[in-house]
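Okay, structure first, notes after.
No value in this document is a laboratory result; all are computed from the given coordinates. These figures come from a predicted structure and were not determined experimentally. We place every Cβ from the backbone using ideal geometry, glycine too, and count neighbours over all the protein chains shown.
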Ligand SMILES: Cc1cc2nc3c(=O)[nH]c(=O)nc-3n(C[C@H](O)[C@H](O)[C@H](O)COP(=O)(O)OP(=O)(O)OC[C@H]3O[C@@H](n4cnc5c(N)ncnc54)[C@H](O)[C@@H]3O)c2cc1C
């Protein structure tokens, strides 16, 4: 009997467990999933909570209920991995043996890592929508906001769903229009990137959209501290942004247990893996899926979905004593809400920038162009998340590798851009 231990029962861990359960017979392979709690959060839904479109209870379900029969769920916290005895050590001191271990522990938010962020204004005039408590408190504050300056700030990269802060900005523009007070509210988007997004071509078109919506873009702004008495966000190069209401996306890191496991992680506790095979560069029987991996792709649920089959084939190879050969191409697919019932869609991979065209083929959804169809598809995505993505189903007509058909590739920039710009020394 072989054992697979999956650390984390979020997007990547759940779909990996379900796919692996379908792949291996129960008599051959035991599958254990470990997570610290039983609340599975549909994180893309957090975007809509501040605007009163969704509530916390609309986007949370039992983790255990998302797992197929024949998967053992442990509500516990992983303390570290002992790669030499091939055991995952839990918080209480007990441990689970593995022949293959899949790390799907995502990323953690570190608001405490930014000086002053957790000061007297936290949850009063400074919020994040990246967790349910912050998103819910922000809904109350936005509801009462009639005039003044809102600053949306990405503290540092990498973050999960790098388009979500932009979507928040577009939705804020729409929300205050609807309330009839948009002329009395100024909106500023501050980012450590040199433009609106990580990918140059897309960054330019999203930058134009910010301009059209009269949002001030402040690039190259690496947040050093927040002074909540003076209502100022400061950058390392000495600039200061005054705010009446600030929405900050905190610094992200990998799970702390990665740092407690010798040789497993990088300086930010993301797991060092081969970007194609997802296999740890230190331990051949360990893999990472989703946000936990240090690959140069966006941290997004779509990435975990497209990685799923590669992971199953490579875990299978390791259990058979063969070198993994299935390769992930870095495929990312993201709907970007732009407000007023519209969204645009971007699709790219390690080597190919987002380009205009259609997805997944010439007759599909428009790429890099606002449309109502994309907005409807974004709203329908929650249904697909619970009923297709988490159960580990393929989407008919949508391959895991990025499709080239329908894309306007001529003249597109094909350079590879690293996903993170994080400067650790800060
Ligand atoms: C506001 C917002 C909007 C987003 N919008 C989109 C979108 O539109 N499209 C998209 O594709 N993606 C989106 N994302 C990103 C997406 O939600 C994540 O990329 C995805 O959930 C990553 O899956 P994961 O399994 O790697 O991590 P998670 O789903 O975060 O799961 C990690 C799990 O590991 C567990 N864990 C961590 N440490 C331990 C430990 N020591 N012991 C036990 N368990 C542990 C955690 O409890 C957690 O359940 C969004 C995210 C946010 C915050």
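Points to keep in mind about this one:
- By the helix-only formula, in which each DSSP H run with n ≥ 4 contributes -39500 (n - 2.57) and the sum is divided by residues, the chain has a 222 nm mean residue ellipticity of -6500 deg cm²/dmol.
- Global form of the stretch 111-252, assessed from the alpha-carbon gyration tensor, a/c cut-off 1.5: rounded
- For peptides 78-91, 225-238, sequence by mean Cβ density within 10 Å, most packed first: 78-91, 225-238
- Here the Kirkwood formula puts the hydrodynamic radius of the chain at 22.1 Å, using every distinct Cα pair.
- Computed lengthening from residue 39 to residue 183, 0.36 nm per intervening residue step minus Cα-Cα distance: 47.8 nm
- Label-point separation, residue 125 to residue 230 (7 Å along Cα→Cβ), nm: 1.3
- With eigenvalues of the C-alpha gyration tensor scaled by 5 and rooted, the stretch 1-131, Å: 33, 19, 10
- Acute angle (nearest 10 degrees) that the helix 301-319 long axis makes with the longest principal axis of the chain, alpha-carbon atoms: 20
- The modelled label-to-label distance between residue 25 and residue 361, using points 7 Å beyond Cα along the C-beta direction, is 3.7 nm.
- On Cα atoms only, tilt of 11-23 relative to the major axis of the chain in degrees: 30
- DSSP assigns beta bridges within the chain; of those with both partners inside it, close to 50 percent run antiparallel.
- Judged by the mean number of other Cβ atoms found within 10 Å, the most tightly packed of the peptides 345-352, 99-106, 34-41 leads the ranking 99-106, 345-352, 34-41.
- Compactness ratio for the stretch 212-350: Cα radius of gyration over 2.2 N^0.38 Å (N = residue count) comes to 1.37.
- For residue 65 and residue 144, a Förster radius of 51 Å and the Cβ-Cβ distance give a FRET efficiency of 0.90, rounded to the nearest 0.05.
- Using alpha-carbon coordinates, inclination of helix 372-384 to the longest axis of the chain, degrees: 40
- Note on the chain: GNM, Cα springs under 10 Å; of 332, 318, 310, the largest mean-square fluctuation is that of 318.
- Rounded Å value of the spacing that divides the Cα centres of the stretch 250-278 and the stretch 341-382: 31
- Among 362, 304, 276, residue whose mean-square fluctuation peaks in a GNM of the chain (springs only between Cα atoms under 10 Å): 362
- Antiparallel beta bridges, as assigned by DSSP with both residues in the stretch 111-252, represent about 25 percent of the total such bridges.
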